[in-house]
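Asks: Structure in structure tokens, see below.
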Amino acid sequence: MLGAGCSGLHLALALLERRYPGKVTLLEARSRYHNDRTWSFFTEDPSAFPYVRHTWGEVEVGAQGQRARYNAAPFVYATTTASAFVGHALAAIRTSPRTHLELGVRAEVDLSGRKPWAGGRAWDLVVDTRPQMPAPGTLLQHFLGAFVEFPDARLAPFMDASGKPKRCVLMDFYPPKPGWVSFMYLLPFSAQRGLFEVTYFSPSRVTQTAYLNDLSAYLAAHFPGPHRIVRMEKGVLPMSAQPPPERVHPAYVEIGSRGGALKPSTGYGFLAMRAQAAALADAIMNDADAVVLPPARPARKRAVDAIFLDYLTNNFAEGPMLYQRLFAHNPTPRLIRFLGDTSSLKEDVQVMSSVPILPFTRTLLTRLLPFAR
Ligand SMILES: Cc1cc2nc3c(=O)[nH]c(=O)nc-3n(C[C@H](O)[C@H](O)[C@H](O)COP(=O)(O)OP(=O)(O)OC[C@H]3O[C@@H](n4cnc5c(N)ncnc54)[C@H](O)[C@@H]3O)c2cc1C
């Protein structure tokens, strides 16, 4: 396996759970792991994720501090850290004499022979999870997350009576600017500490100073007073509805972000990568010599994303209204299923029709009609 990040470790875990009898080697470029990202997702069963660190039962969406509240039940919004998830996976890997993690190996792939080569060796199957650079011109979701500590209980309104996290903010939009959408994403972990993520949808990235200026302005407007940034994380995710890559070699499979598991309209991928790893592990258990892998995300869901992205790129100024209307005009569980790719065709049409924009509806019909047959 090339890369032992989110999807590579999910696959190692899935093979271990199935007691795969073969040998598994993970080649990872990094020589050590860092706590470099925070993964969050909606789930009805947080106990299925032993590495989850916090959950919230309510979410807020709005603009410029005026936010509506939505009860997510039966879902919760759950979060884990790279440290917690990687630690969980490494502990499982250590228990298996047939699973080896080689750190500090930056491997390339050669698919010219019958068996693929990677890291200077031939393999029966190579699973590639190395992230790829987005193609030039791709719309990007890019963000800087700052872990902020306050000397007082400034995030207390987001806690329940016992002081546990109750509510988080999925999107609090900044005033629209031409050519991009930007918003704050806030995960309050305690009354004194939270992750504030300045997020943009735009064709190009911005400087660290631009993110930090937005963060300071937001904190001054909505959480005024002294604060301290204790850590930061950054991300750049492609918002492209390109189909996943074709198989180019019978013994070579691409998964994770490079295998089409990232939902381009939201940037979420953690659960899709977990599901994709489970499907690949099943396929390997079934016939390791002829692995058949279903697409990471169904074609219908990719069509819905394409509609969204078409609309967004042509109407950036409408972006905040679009996301706020989606929450305001749908039962929250339906919208969560929609965002998590588990909604039915009927629900997809209901969600998309809740945004009453004529061109949007026309594209919706032409893109979704083939799936109604
Ligand atoms: C900061 C951040 C926050 C995110 N938050 C969320 C979230 O809240 N919810 C969500 O669902 N998604 C989130 N995502 C999106 C997505 O889930 C992650 O990007 C996820 O880590 C992608 O998994 P992956 O396996 O494709 O890539 P990675 O996790 O990046 O793993 C790829 C691995 O390949 C290794 N590698 C690269 N080149 C080589 C090479 N030549 N040889 C060997 N190894 C190599 C890398 O070192 C890395 O460890 C976030 C992304 C980022 C960056």
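Asks: Going by amide H atoms built from the backbone, whose H comes under 5 Å of the H on Phe189, apart from near neighbours?
Replies: So Phe189 has HN proximity to Gly194, Leu195.
Asks: Let me ask something additional. Using only Cα atoms and rounding to the nearest 10 degrees, what angle (0 to 90) does helix 208-222 make with the longest principal axis of the chain?
Replies: Approximately 40 degrees, to the nearest ten.
Asks: Tally the DSSP beta bridges in the chain and give the antiparallel ones as a percent, rounded to 5.
Replies: DSSP beta bridges in the chain are roughly 75 percent antiparallel.
Asks: Considering the dipole of the chain built from charges on the beta carbon (Lys and Arg +1, Asp and Glu -1) around the Cα centre, which of Tyr211, Ala153, His88 is farthest to its positive end?
Replies: His88
Asks: Follow-up. Return the sequence-ordered ³J(HN,Hα) values of segment 281-297 in whole Hz as given by the Karplus equation 6.51 cos²θ - 1.76 cosθ + 1.60 applied to θ = phi - 60°, using x for Gly and Pro.
Replies: 4, 4, 5, 5, 5, 6, 7, 5, 8, 9, 6, 10, 10, x, x, 4, 10
Asks: State which stretch of the chain is the longest one without any exposed GluC sites (Glu not before Pro), exposure meaning a DSSP loop state and at most 10 other Cβ atoms within 10 Å.
Replies: 109-245
Asks: Output ³J(HN,Hα) for segment 192-199: one whole-Hz value per residue in order, computed from phi by the Karplus curve 6.51 cos²θ - 1.76 cosθ + 1.60 with θ = phi - 60°, and x for Gly and Pro.
Replies: Each residue's phi maps through the Karplus curve to give 9, 9, x, 9, 9, 10, 7, 10 Hz.
Asks: What is the ratio of the Cα radius of gyration of segment 140-238 to 2.2 N^0.38 Å, with N the residue count, to two decimals?
Replies: 1.08
Asks: Take the chain, connect every pair of alpha-carbon atoms lying under 10 Å apart with a spring to form a Gaussian network, then pick out the residue of Pro165, Pro131, Pro333 with the largest mean-square fluctuation.
Replies: Comparing Pro165, Pro131, Pro333 in a Gaussian network model of the chain, the most mobile one is Pro131.
Asks: Assuming R0 = 25 Å, what is the FRET efficiency of Glu149 and Arg69, from their Cβ-Cβ distance, to the nearest 0.05?
Replies: The value I calculate is 0.50.
Asks: Here's a follow-up. Tell me what the chain gives for mean residue ellipticity at 222 nm when only DSSP H runs of n ≥ 4 count, each as -39,500 (n - 2.57), the sum divided by the residue total, rounded to 500 deg cm²/dmol.
Replies: Computed mean residue ellipticity for the chain: -9500 deg cm²/dmol.
Asks: List every residue whose amide H lies under 5 Å from the amide H of Glu254, counting only residues 5 or more places away in sequence or on a different chain, with H placed 1.01 Å from N in the peptide plane.
Replies: Distant-sequence amide H within range of Glu254: Asp128.
Asks: Starting from the Cα of Lys346, draw a straight line to each of the lysines and keep only those under 18 Å, dropping any in the same chain fewer than 8 residues away.
Replies: Correct list for Lys346: Lys301.
Asks: Expected output is a single nm value to one decimal: the length gained when fully extending between Lys166 and His329, i.e. 0.36 nm times separation in residues minus the C-alpha distance. What is it?
Replies: 56.4 nm
Asks: Per residue of segment 70-87, in order, report the coupling 6.51 cos²θ - 1.76 cosθ + 1.60 (Karplus, θ = phi - 60°) as ³J(HN,Hα) in whole Hz, putting x for Gly and Pro.
Replies: 10, 7, 7, 3, x, 8, 10, 8, 10, 9, 9, 10, 4, 4, 5, 5, 5, x
Asks: So what's Rg/Rh here for the chain, counting alpha carbon atoms and using the Kirkwood radius for Rh?
Replies: 0.97
Asks: If we count every other residue with Cβ under 15 angstrom of Phe183's Cβ, Lys/Arg +1 and Asp/Glu -1, where does the sum land?
Replies: -2
Asks: Specify whether the C-alpha gyration tensor of segment 181-292 places it in the rounded, prolate or oblate class, a ≥ b ≥ c being the square roots of the eigenvalues: rounded for a/c under 1.5, otherwise prolate if a/b is larger than b/c and oblate if not.
Replies: prolate
Values in this text are rule-based calculations from the coordinates and carry no lab data. Nothing here was measured: the structure is a model prediction, and the numbers come from that model. FYI the Cβ positions are ideal-geometry reconstructions off the backbone, even for glycines, and counts take in every protein chain you see.
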